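The values are calculated or read from the model by the stated rules, or taken from the named source; none is laboratory data. Given the structure is predicted, the values throughout are model-derived calculations rather than measurements. With ideal geometry, Cβ positions are generated from the backbone for all residues, glycine too; neighbour counts draw on all protein chains shown.
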Amino acid sequence: MKILVCISHVPDTTSKIDFVDDREFDTSGISFVINPYDEFGLTKSVFIKENNGANITVLCVGDSSCESSLRKALAIGADEAVRIDHIPKDSLNIAKLIYDYIKDKEYDLIITGRESIDYNSGVVPGLISKMLNIPFVNACIGLDIKDNVVHLKREIDGGIEVLESNFPILIAGQKGLVEEKDLKIPSMRGIMMARKKTLSVVKPENDLQSSLKLNKYEKPIVKASCKMVDSNNIEELVELLHREAKVI
Amino acid sequence: MILVYAESNNKKFKKSSYEAISYGKKLSELINSDFTVITIGKNLDHSILKEYGANDIVHIPIDPKDNYDDEFYSNIISDYFNKKNFDIIIVSNTNHGKSITPSISLTTNCSLITNVVELPSSIEPFIIKKKVFSNKAYANYEISNKKKIISISPNSFGIKEIKSNSNTEFKELSPDIDYTSKLNSISINKNSDKISLPEADLVVSAGRGLKGPENWKMIEELSQVLGAATACSKPVSDIGWRPHSEHVGQTGISINPELYIAIGISGAIQHLAGVSSSKNIVVINTDKDAPFFKAADYGIVGDAFDVIPKLISEIKKFKSDN
């Protein structure tokens, strides 16, 4: 089985987000990691490889800085890595670049995260599956393979759906695909082996345009001071929620 | 021309659909354009949509074999959009909305912008604001494409009820969509009696300060007296005290309710990212230095086991008096 895991290289969840002149994300002091949603899919792919046998390619679109995340993915258990050397302007750029690279490669299973925690658009997986014309399961929280049939679970609005599909398929994963405690971390042996694995760099042929142009970033408005209520005077809180906040 | 997709589930329109219609109505006034609401599914009561300004409705009275077959919905919406030369599609950024918009954007050549929180700040050029960095910031984008899909973050724009006396144009269409699903749906487990978290106006959330899953009874009781949805912090879902579907925060669900009550949650930056756009935040914590107080509107320093029962009885008293 051929598995492709697409990852994003994003600011660590503890990062404070700041901008230079409201136009550029200030990366000074920010450490970058594999997008948390993608980590569940990456670990899942390694479990599939252990149980069913598979070859895992991990792919990222970005400049050379994202190679640290690709190396980590190799150390966790991916067999080879590909970096598409491009700084994307929007989600459609990313999807087109990935599609162009994989369209002739016949992956059985393509795993992405539900969204990346930087731009949060959550549309790349849906775009790639439509371009490839293969089934797509979004917000996937369970995947098992038996007799060449893919058994899936996904979150829907207000519930969970159980599904079946044939290969090839694209899933957008999140927590539940594997549990947080089962997430794989690189072992010393994995790190050593990753050094010998191939990380290829692909240069896109054409420069891609975008219909979206950043105008400016903004930070959320900071709340005024917090009104403290005495724990022996809960009636006052109820009163404030009614009269001032008007929420009850 | 604007096309608003009003999502339904179990023969009922979703609350987020009223918000999408409200948004479509305001945008149509702003750009001086007509707007049409499209609905899909059997046995829907459309009269309610008028209260949010829908006066031109196109209804497709077909249920797909499986209610959650996203591609079926994408095909119908794309088909109608292309036939009638619309320019803008408004949808809600629900799980369903997120699953259908990428496909629609490709078949209609629309630019797609998700997690939108406001009306465009400018029409020429078209500039619109979306959430980025998991609610830690916003980005304003200029969209040069005339055709676009705007996916609205639930509870961000809000529902605007209007008094309308105009007649509603209502037509039914039966498109001949030649379509076979690529997926086979086996079963659906609905948590139907619960309020859906992204759509909820009021949310009660608790963290490790509750000490164990058995103590969630009082959280559920508080939610029940308030009519709120229940949520939890990441550590609580990671150790299995509560289901993943209740995890709010940067890597869980992000919410913008009218009221968020955080009990026994210290307020790490990852948690705040998912909840800080709540309009009102109440924090209850034993630690007076908990960082969450800095992001709160109202705070109580106290033990949840002391404060919550008192809060439940005060709310009950308030509800019976009002």
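Worth a mention:
- Residues located in the stretch B:255-275, provided they are touching a strand residue (DSSP E or B) at 6+ places or on another chain (Cβ under 9 Å) and either aromatic (Phe, Trp, Tyr) or facing chain A (nearest Cβ under 8 Å) (or both): B:258, B:259, B:260
- For the stretch B:42-54, the condition holds for no residue, the condition being that it is within 12 Å of chain A (Cβ to nearest Cβ) and over 21 Å from the mean Cα position of the chain (by Cα).
- Within the stretch A:108-130, the only residue that satisfies the criterion of being surrounded by fewer than 21 Cβ atoms within 10 Å (Cβ to Cβ) and more than 14 Å from chain B (Cβ to nearest Cβ) is A:108.
- Breaking point among (1) assigned to a helix (DSSP H, G or I); (2) modelled with pLDDT under 95, for residue B:189: (1)
- Unmet criterion (only one of (1) surrounded by 23 or more Cβ atoms within 10 Å (Cβ to Cβ); (2) within 10 Å of another protein chain (Cβ to nearest Cβ); (3) in contact (Cβ under 8 Å) with a residue 60 or more places away in the chain; (4) not in a loop (DSSP other than H, G, I, E, B)) for residue B:250: (4)
- Scanning the stretch B:283-322 for residues that are within 7 Å of chain A (Cβ to nearest Cβ) and within 24 Å of the chain's Cα centre (by Cα) yields B:295, B:296, B:297.
- If you filter the stretch B:157-193 down to residues that are away from every other protein chain (no Cβ under 14 Å) and of a type in the set (A, V, I, L, M), you find that the one that is farthest from residue A:149 (Cα to Cα) is B:162.
- Per the listing A:163, A:212, A:240, A:199, the residue uniquely within 23 Å of residue A:117 (Cα to Cα), surrounded by 15 or more Cβ atoms within 10 Å (Cβ to Cβ) and touching a strand residue (DSSP E or B) at 6+ places or on another chain (Cβ under 7 Å) is A:212.
- Evaluating residue B:165 against the criteria (1) assigned to a strand (DSSP E or B); (2) without any contact (Cβ under 8 Å) to a residue 24 or more places away in the chain leaves one unmet condition, (1).
- Residue list for the stretch A:8-17, restricted to those being touching a residue at least 24 places away in the same chain (Cβ under 8 Å) and assigned to a loop (DSSP other than H, G, I, E, B): A:8, A:13, A:17
- Residue check, residue A:176 facing chain B (nearest Cβ under 8 Å), surrounded by 18 or more Cβ atoms within 10 Å (Cβ to Cβ) and either farther than 21 Å from residue B:133 by Cα or of a type in the set (Lys, Arg) (or both): yes
- Taken as a whole, the stretch B:171-183 holds at least one residue that is out of contact with any strand residue (DSSP E or B) (no Cβ under 6 Å at 6 or more places or on another chain) and more than 19 Å from residue B:60 (Cβ to Cβ).
- One residue stands out among those in the stretch B:228-241 that are at pLDDT 95 or above and part of a loop (DSSP other than H, G, I, E, B): the one that is nearest to the other protein chains (Cβ to nearest Cβ), which is B:228.
- Which listed residue is touching a Cys at 6+ places or on another chain (Cβ under 7 Å) and in contact (Cβ under 8 Å) with a residue 12 or more places away in the chain, from B:134, B:205: B:205
- Scanning the stretch B:284-298 for residues that are of a type in the set (A, V, I, L, M, F, W, C) and closer than 23 Å to residue B:154 by Cα, we see that the one that is surrounded by the most Cβ atoms within 10 Å (Cβ to Cβ) is B:296.
- Residue A:103 vs. criteria surrounded by fewer than 18 Cβ atoms within 10 Å (Cβ to Cβ), out of contact with any helix residue (DSSP H, G or I) (no Cβ under 6 Å at 6 or more places or on another chain) and within 14 Å of another protein chain (Cβ to nearest Cβ): no
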